[in-house]
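Where a number appears in this text, it was derived from the coordinates with a stated rule and is not lab data. Worth saying up front: this structure is predicted, and the values here are computed from it rather than measured. FYI the Cβ positions are ideal-geometry reconstructions off the backbone, even for glycines, and counts take in every protein chain you see.
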2 protein chains.
Amino acid sequence: MMAKSAKHDQLFIGIDGGGTKCRATIYSAERGVLGTGLGGPANPLHGFERALESIMLSTQLAMRDAGLKLEQVHELYAGAGLAGVNLPQLFDRITQWDHPFKQLFLTTDLHTACIGAHEGKDGAVIITGTGSCGFSIVSGKTCNLGGHGFAQGDKGSGAWMGLEAVKAVLESLDGLAEKTALSIVLQEHFQTKSAMGIAEQMAGQPSSAYAKLARFVLAEAERGDEVAIRIVQEGAGYISRLAHKLLANQPPRLAMIGGLAEPLQKWLDPQISARVEPAIQPPEMGAIYFAQHQLAQQQGELA
Amino acid sequence: MMAKSAKHDQLFIGIDGGGTKCRATIYSAERGVLGTGLGGPANPLHGFERALESIMLSTQLAMRDAGLKLEQVHELYAGAGLAGVNLPQLFDRITQWDHPFKQLFLTTDLHTACIGAHEGKDGAVIITGTGSCGFSIVSGKTCNLGGHGFAQGDKGSGAWMGLEAVKAVLESLDGLAEKTALSIVLQEHFQTKSAMGIAEQMAGQPSSAYAKLARFVLAEAERGDEVAIRIVQEGAGYISRLAHKLLANQPPRLAMIGGLAEPLQKWLDPQISARVEPAIQPPEMGAIYFAQHQLAQQQGELA
């Protein structure tokens, strides 16, 4: 009896670590969500120690929120979906981390996002935020598309849109391309009419700085600006191709998440937008399902 | 008499400092070129101290080549054209440098390239190497186009071409775009058939790493590869627009310099390629003309 009740009271923590923030949720199979916490950037590719700190901060905040004592961290089964760990080297480094959890089950943030979106069932997910990528799980087989990083990949993402907009305004200020409303809006944003002034402000900026410009592109496309429409259509065209490719794997559901998922919908191939369904659970819940599933497999193997 | 002979024997050093190397040439009006030296990267935007070191190394090598004693550096009138000093902040920092020359006359590398290309006379120049930009001087009025840096500008440059090729191969490996000879050549170059493998090798690489891929694009375009042709045509289209814009200022000559100047010629608008003439002197000689001109003006003002 004691063993069974202890098992029923198993505490899980789901961690979703991305380039700008880290979310943690504490969950018990009996009592549901007990608490949540938010930490800073947790992409180990862009700062390994920083990522571990963000994971621990979000963990501690979630534990406090759940009314747990900090030493109970040793009782938590952790599921973590982290950006960057598709690189085998980073996956191994995190695996070697002397973490405080009872056990740590690690996978990519894309994988846990997909598990969450479909509540652990098969499905496909497209993420369009600062970056862009696609993922599907069908009958245990996963497929990973895009997500090749700024500026060589991530087409249709916020950073890509911002970069295309900056390119367009620089050419227009040099008199080498048409000057439209988008160019004027960006000149106001940068408070300069000089191409070099804009180039200087954006030189060496990370993808997140370009992604902040995406809202101007989307707004001007709504208002009928030709250049903005061309950019949004090109980005949405890529996302539609990505979606078709994922649907070829026959996932029962397709979800889109990330800051650009909603504004991009109307620009997608109608066949695709008709297929898009809501994500049922957030990625951190996907990380909990992942840990539960891995733990059950492990216990099955031991039994 | 002594003053006049001293003036005739004035020693100049012309310095051309770019992102990958720094060239110096020592020149006397009476005896012509006395020696040359080559140093490392000298773009103060990408490393201020490094740029000053490269300038001094190329100077010392040129002095040794010219058979001068190192303490004679104080006798040299220096003209320097440096990348990055179009940014007022960097221009000021270099101006405040406690340099060893008798005098230092500073301008951009584009300006000295243009002066050199036309032996100090009016003209326009387009540089297509790792980056791309255009410059003209007509009746004392200068015009500066492009050169906004990787990846938001520098269209038609080697880095831009390489980036477009990487984008194309990544999309083709995801099955989202046609797979052509260019894709196969790049897979061989990166020794992987995996999109993530290529993305990983290029992640965070500087523009020079992308520029190294331009030769594959140009070679495959020559062989008729559709994707490579589309990239080269788009880049050459931009360079042609840049050239038309410079020619609108009525420069008597137009020169193209940089590693891509020759291979790009045949892809340009025929009106433009018909106008392209050789650069008469290299940028470091342009820097010498610049120093001579500035010195003459100064002496004219003093007289």
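Restricting to bridges with both residues inside the protein assembly as shown, how much of the DSSP beta-bridge set is antiparallel, in percent to the nearest 5?
Antiparallel: roughly 60 percent of the beta bridges in the protein assembly as shown.
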Worksheet, complete the sentence: Note on chain A: helices (DSSP H) long enough, at least 18 Å by alpha carbon along their axis, and hydrophobic enough, mean Kyte-Doolittle at least -0.5, are A:48-65, A:158-173, A:226-247, A:283-302
Fill in: Relative contact order [Cα under 8 Å, 6+ residues apart], the stretch A:158-277, whole percent
27 percent
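Only sites in a loop by DSSP and with at most 11 other Cβ atoms within 10 Å count here; which GluC sites (Glu not before Pro) in the stretch A:20-118 make the cut?
Qualifying residues, ordered by number: A:30.
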Discussion item. For the stretch A:158-277, what does the convex hull of the Cα positions come to per residue, in cubic angstrom?
Written reply: 103 Å³
Item to complete: Report the charge-dipole magnitude of chain B in Debye, nearest 20, computed about the Cα centre from +1 at each Lys and Arg Cβ and -1 at each Asp and Glu Cβ.
Response: 420 debye
Discussion item. Can you give the local net charge around residue B:139? Use residues other than it whose beta-carbon is closer than 15 angstrom to its beta-carbon, Lys and Arg +1, Asp and Glu -1.
Written reply: +2
Worksheet, complete the sentence: Counting Lys and Arg as +1 and Asp and Glu as -1 over every other residue whose Cβ sits under 13 Å from the Cβ of residue A:248, the net charge comes to +3
Worksheet item: Counting trypsin sites (Lys or Arg not before Pro) as exposed when in a DSSP loop with at most 15 other beta carbons within 10 Å, what is the longest stretch of chain B free of them?
Response: B:224-303
Response to the item:
If labels are modelled 7 Å from Cα along the Cβ direction, residue B:191 lies from its partners in the other copies at nm distances, smallest first, of 5.1
Worksheet item: What are the nm distances, shortest first, from residue B:69 to its equivalents in the other copies, labels at 7 Å along Cα→Cβ?
Response: 8.2
Worksheet entry | Most mobile listed residue (B:214, B:177, B:168) in chain B, GNM with C-alpha springs under 10 Å | B:177
Item to complete: Could you tally the net charge around residue B:286, taking each other residue with its Cβ under 10 Å from the Cβ of residue B:286, Lys/Arg +1 and Asp/Glu -1?
Response: -4
Fill in: Qualifying GluC sites (Glu not before Pro) in the stretch A:139-186, DSSP loop, other Cβ atoms within 10 Å at most 12
A:178
Worksheet item: Measuring from a point 7 Å out along Cα→Cβ, what nm distances, shortest first, does residue B:20 have to its partners in the other copies?
Response: 3.6
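Which links in B:21/B:266; A:212/A:266; A:245/B:266; A:193/B:212; A:141/B:155; A:179/B:121 stretch past 31 Å when you go from one Cα to the other?
A:245/B:266; A:193/B:212; A:141/B:155; A:179/B:121
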Fill in: Cα centroid separation - the stretch B:215-268 against the stretch A:174-230, whole Å
26 Å
Item to complete: Output the relative contact order of chain B, whole-number percent, from Cα pairs under 8 angstrom with separation of 6+ residues.
Response: 20 percent
Discussion item. Treating the protein assembly as shown as a set of equal point scatterers at the Cα positions, no solvent, please give the Debye-formula log₁₀ I(q)/I(0) at q = 0.06, 0.07, 0.08 Å⁻¹.
Written reply: -0.41, -0.54, -0.68
Worksheet item: Considering the rotational relationship between chains B and A, which residue of chain B contributes the beta-carbon of minimal distance to the axis, and what is that distance to the nearest Å?
Response: B:151, 2
Discussion item. Please check: in the Gaussian network model of chain B (C-alpha springs, under 10 Å), which one of B:237, B:14, B:79 has the largest mean-square fluctuation.
Written reply: B:237
Worksheet item: Using a simple spin-label model with points 7 Å from Cα along the Cα→Cβ vector, what separation in nm is obtained for residue B:38 and residue A:97?
Response: 4.7 nm
